[in-house]
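Everything on this sheet refers to the single structure shown next.
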Amino acid sequence: MGRPEIEAFLIHLATEQHVAASTQNQARSALLFLYRYVLELPVEVPVSVLTARTPRRLPAVFSRAEVQAVLAHLHGPHLLMAQLLYGSGLRLLERLRLRVKDLDFSRRQLTVRDGKGEQDRVTMLPLALVDPLQAHLVLRAQAHARELVRGAGAVALPYALERKYPNANREWAWQFVFPASRDSLDPATGAPRRHHLHESSLQRAVRAAIRAAGIPKHAGCHTFRHSFATHLLEDGYDIRTIQELLGHKDVKTTMIYTHVLNRGGRGVRSPLDDER
C-alpha cells in the first residue's frame, strides 16, 4: 500500500458512519502507529482527516420506584453493595476497593481512594446503611480473626506500603469491606493475598434483578450512579455539590444530568400539560 492509498484509507476511516467513533479512532491510531514506529514509513495525515467525535449519549436512569424494584430482587452482600452504589454515587470499582478504614460512621461519610484520575474524594454514607454496614463488618471481623489464626488474612496494599509497613497487610483497617471468598496469588509478589470481590459478581446479580423487576432499560451497576445524581438534582441540590460527590473534574460532565431531567436548568413545562 503506497502513501496515496494510506491517506485515502485514513480519510475513509475518519468519515465512516457505520462504526462507532471510538472504533474509528482506535483503528486510525493503530494504523498510524504501524507505519510511523513499526515500519518507520513517514505518513502525513491530511488536515481534512480529523479525529472522530464521540457523540454525546444520555445515560439510562432509574426512576425512584425502579430503584426500589431492583433492590427488592437483591439479597445479602449484593443488596448492600447496590445500595452503596445508589446511596453514595460510587462507581463499581470504587465500591469494590473500599477498605474498613475508609468508612467513617461518626461523620456518616466514606472516602474514595484513587478514584478515576487517581483522585481521592469524600462522599456521603447513607444513614439507612449505617446499621447494615456495621453488622456486615462485625461478621467480617470475626472471619478475619479466624483467618489470622491459620496464618492468612493478608491483603495487597497500594503502591509500596507493604514494604514500608510489613505488618499492615493483616491489620483490620486495611481489609476490604467486600472481600473475595478465597485467597489468590498476588501477581506482583506471588504471595497469597485476599483480594476484593470480583466486579462480575455484582454485575450478574444486578442484571438478573433488572430482568426480574421487568424494567425494559439497557441498565447495569453504573445506572445506580446516574440515578443518584439525577435524583439529587430533582431534590434541588446544586450542580457543584453533585459534581464534588461524583468526583467529576469538569462540571460539564455533571451537567449531562440536567439534560436527563429535560429541564435545561429552568424547569421547562410542556404546553400540553397546561391544557386541562
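Out of the residues in segment 93-111 that are touching a Leu at 6+ places or on another chain (Cβ under 7 Å) and not in a loop (DSSP other than H, G, I, E, B), state the one that is surrounded by the fewest Cβ atoms within 10 Å (Cβ to Cβ).
If we take residues in segment 93-111 being touching a Leu at 6+ places or on another chain (Cβ under 7 Å) and not in a loop (DSSP other than H, G, I, E, B), then 104 is surrounded by the fewest Cβ atoms within 10 Å (Cβ to Cβ).
Across segment 164-175, which residue is farthest from the chain's Cα centre (by Cα) among those that are among the aromatic types (Phe, Trp, Tyr) and under 16 Å from residue 102 (Cα atoms)?
Filtering first and then ranking leaves 172.
Hey, among the residues in segment 162-198 that are in a helix (DSSP H, G or I) and among the small types (Gly, Ala, Ser), which one's modelled with the lowest pLDDT?
Here is the first cut: in segment 162-198, the residues in a helix (DSSP H, G or I) are 162-164, 168-170, 172-174.
Retained after the next criterion (residues that are among the small types (Gly, Ala, Ser)): 168, 173.
Values: 168: 89, 173: 94.
In this case the residue turns out to be 168.
Kindly indicate which of 157, 161, 133, 139 is among the hydrophobic types (A, V, I, L, M, F, W, C) and exposed (fewer than 13 other Cβ atoms within 10 Å of the Cβ).
139
Mind listing whichever residues of segment 64-98 are more than 20 Å from residue 218 (Cα to Cα) and polar (S, T, N, Q)?
88
So in segment 33-63, with the set limited to residues that are farther than 29 Å from residue 257 by Cα and at pLDDT below 70, which one is surrounded by the fewest Cβ atoms within 10 Å (Cβ to Cβ)? Steps first, please.
Looking only at segment 33-63, we keep the residues that are farther than 29 Å from residue 257 by Cα, and these are 33-49.
So of that shortlist, the ones also at pLDDT below 70 come out as 43-49.
Values: 43: 14, 44: 10, 45: 15, 46: 11, 47: 6, 48: 10, 49: 17.
Filtering segment 33-63 for residues that are farther than 29 Å from residue 257 by Cα and at pLDDT below 70, the one surrounded by the fewest Cβ atoms within 10 Å (Cβ to Cβ) comes out as 47.
For the subset of segment 164-185 comprising residues that are free of Cβ contacts under 8 Å to residues at least 60 places away in the same chain and in contact with a strand residue (DSSP E or B) (Cβ under 9 Å, 6 or more places away or on another chain), which member is farthest from residue 200 (Cα to Cα)?
Among residues in segment 164-185 that are free of Cβ contacts under 8 Å to residues at least 60 places away in the same chain and in contact with a strand residue (DSSP E or B) (Cβ under 9 Å, 6 or more places away or on another chain), the one farthest from residue 200 (Cα to Cα) is 169.
Which is exposed (fewer than 10 other Cβ atoms within 10 Å of the Cβ) and either in a helix (DSSP H, G or I) or of a type in the set (Gly, Ala, Ser) (or both), of 151, 115?
Just one listed residue meets the conditions, 151.
Restricting the search to segment 121-164, which residues are of a type in the set (D, E, K, R) and touching a helix residue (DSSP H, G or I) at 6+ places or on another chain (Cβ under 9 Å)?
Residues of segment 121-164 of a type in the set (D, E, K, R): 121, 131, 140, 146-147, 150, 162-164.
Within segment 121-164, 121, 140, 147, 162 meet the criteria.
Restricting the first residue to segment 139-163 and requiring it to be over 18 Å from residue 97 (Cβ atoms), which pairs with a second residue that is of a type in the set (Phe, Trp, Tyr) meet a Cβ separation below 7 Å and a spacing of at least six or different chains?
141/172
Yes/no per residue for (1) more than 18 Å from residue 69 (Cβ to Cβ); (2) surrounded by 18 or more Cβ atoms within 10 Å (Cβ to Cβ); (3) in the same structural domain as residue 93 (by TED's automatic domain parsing):
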site	(1), (2), (3)
181	yes, no, yes
200	yes, no, yes
210	no, yes, yes
216	no, no, yes
226	no, yes, yes
249	yes, no, yes
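The values are calculated or read from the model by the stated rules, or taken from the named source; none is laboratory data. Because the structure is predicted, anything quoted here is derived from the model rather than measured. Methodologically, a virtual Cβ is constructed for each residue, glycine included, from the backbone with ideal geometry; neighbour enumeration extends over all protein chains shown.
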